[in-house]
Amino acid sequence: MREFEYSILYWFQGLHNPVLDKIAIIITSLGNAGIFWIILTVFMLIICKDKKPAWASGIALIISLLIVNILLKNLVARSRPCWDESALRNVKMLVNIPKDYSFPSGHSSASFAASVAIVQYRRKLGISLIILASIIALSRLYLFVHWPTDVLCGVVIGIFSGLISGVIIRYVYAKRK
């Protein structure tokens with residue numbers, strides 16, 4: 001399985017060029033510590049009349065954080081592809097090598113958690129955010145900091161977190177009526 005994952009990562013390495021390199025660095029930084037998604041959630045809480053998408057996003061981000069960063073990363077303790085010295089011979093690292101474990105991808109999980117939570121209430125905005133979440137997830141492969149299965153599992157956990165947050169918000173708002 002590892003050879004298959006390396007083949008995907010090396011395929012992404014073949015796409016490198018100065019323009020894509022800069023774009024990937026910018027895109028991946030949007031997922032750093034979930035900051036873009038946190039700012040978006042707070043912004044929606046402040047300016048939007050309907051607070052459901054913002055509350056759903058906040059809950060989804062918390063669920064994702066608990067599952068990915070508190071539970072799975074430390075439990076699985078999977079090394080990152082960029083930690084393998086022999087694999088780095090043909091790879092130019094464009095970002096600092098992360099110090100935390102690889103599985104699952106927190107960038108992917110947080111991005112999909114927030115965007116799936118939001119799409120349940122704001123279709124057009126949510127779809128554009130899902131596209132952004134997908135690009136953020138792919139940037140993790142392009143930058144050689146995650147295995148493909150890390151990203152895939154992060155996406156699945158993010159979708160789950162976003163859907164569950166929608167259920168929670170609908171339940172809470174139904175109880176309030």
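The values are calculated or read from the model by the stated rules, or taken from the named source; none is laboratory data. Predicted model, so just to flag it, every value in this text is computed and none were measured. Methodologically, a virtual Cβ is constructed for each residue, glycine included, from the backbone with ideal geometry; neighbour enumeration extends over all protein chains shown. Only protein heavy atoms, including side chains, enter the accessible area calculation; ligands, DNA and RNA are left aside. Shrake-Rupley method; radii C 1.70, N 1.55, O 1.52, S 1.80 Å.
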- Query: Hey, what angle do you get for helix 106-119 against the long axis of the chain, alpha-carbon based, 0 to 90 degrees rounded to 10?
  - Reply: 30
- Summarise the accessible area of the chain (1.4 Å probe, protein heavy atoms) by the percent that is carbon and sulfur. 71
- Query: Among A113, M44, N96, whose Cα lies farthest out toward the positive end of the dipole of the chain, if unit charges sit on the beta carbon of Lys, Arg (+1) and Asp, Glu (-1)?
  - Reply: M44
- Message: Give me the 1.4 Å probe accessible area per residue for the chain, excluding ligands and nucleic acids, in Å².
- Response: 53
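Beta carbons within 10 angstrom, averaged per residue: use that to sort the peptides 106-113, 169-176, 20-27, highest first.
Details: 106-113: 31.2, 169-176: 11.6, 20-27: 15.4.
In decreasing order of mean packing, 106-113, 169-176, 20-27 become 106-113, 20-27, 169-176.
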- Message: On C-alpha positions alone, give me the angle between the axis of helix 148-176 and the longest principal axis of the chain, in degrees, nearest 10.
- Response: 10
- Task: Find the percent of Cα-Cα distances in the range 42-177 that exceed 23 Å, and round it to a whole number.
- Result: 37
- Item | Reachable lysines from K175, criterion Cα separation under 18 angstrom, eight or more residues apart if same chain | K51, K52
- For the range 51-96, shape from the Cα gyration tensor axes a ≥ b ≥ c, cut at a/c of 1.5 then a/b versus b/c, turns out oblate
- Item | Cα-based equivalent ellipsoid, the range 22-64: semi-axes from gyration tensor eigenvalues, Å | 23, 12, 6
- So which aspartates and glutamates pass the test for K73, namely a Cα distance under 12 Å, with those fewer than 8 places away in the same chain ruled out? D100, D150
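Multiply the residue separation of I25 and V42 by 0.36 nm, subtract the distance between their alpha-carbon atoms, and state the gained length in nm to one decimal.
3.7 nm
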- Item | Of P53, P98, P148, the one that fluctuates the most in a GNM where the chain has Cα springs shorter than 10 Å | P98
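Report, to two decimal places, the Cα Rg of the range 1-84 normalised by 2.2 N^0.38 Å (N = number of residues). It would help to have the intermediate numbers written out before the result.
Details: Rg = 17.3 Å, N = 84, 2.2 N^0.38 = 11.8 Å.
The range 1-84 yields a ratio of 1.46.
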- Query: Tilt of helix 18-30 relative to the longest C-alpha principal axis of the chain, in degrees (0 to 90, nearest 10)?
  - Reply: 40
- Message: So if I place +1 on the C-beta of Lys and Arg and -1 on the C-beta of Asp and Glu, and nothing else carries charge, what would the dipole magnitude of the range 8-98 be about its Cα centre? I want it in debye, nearest 20.
- Response: 160
- Query: By how many nm would the segment from R2 to N74 lengthen if fully extended, with 0.36 nm per residue of separation less the alpha-carbon distance?
  - Reply: 23.9 nm
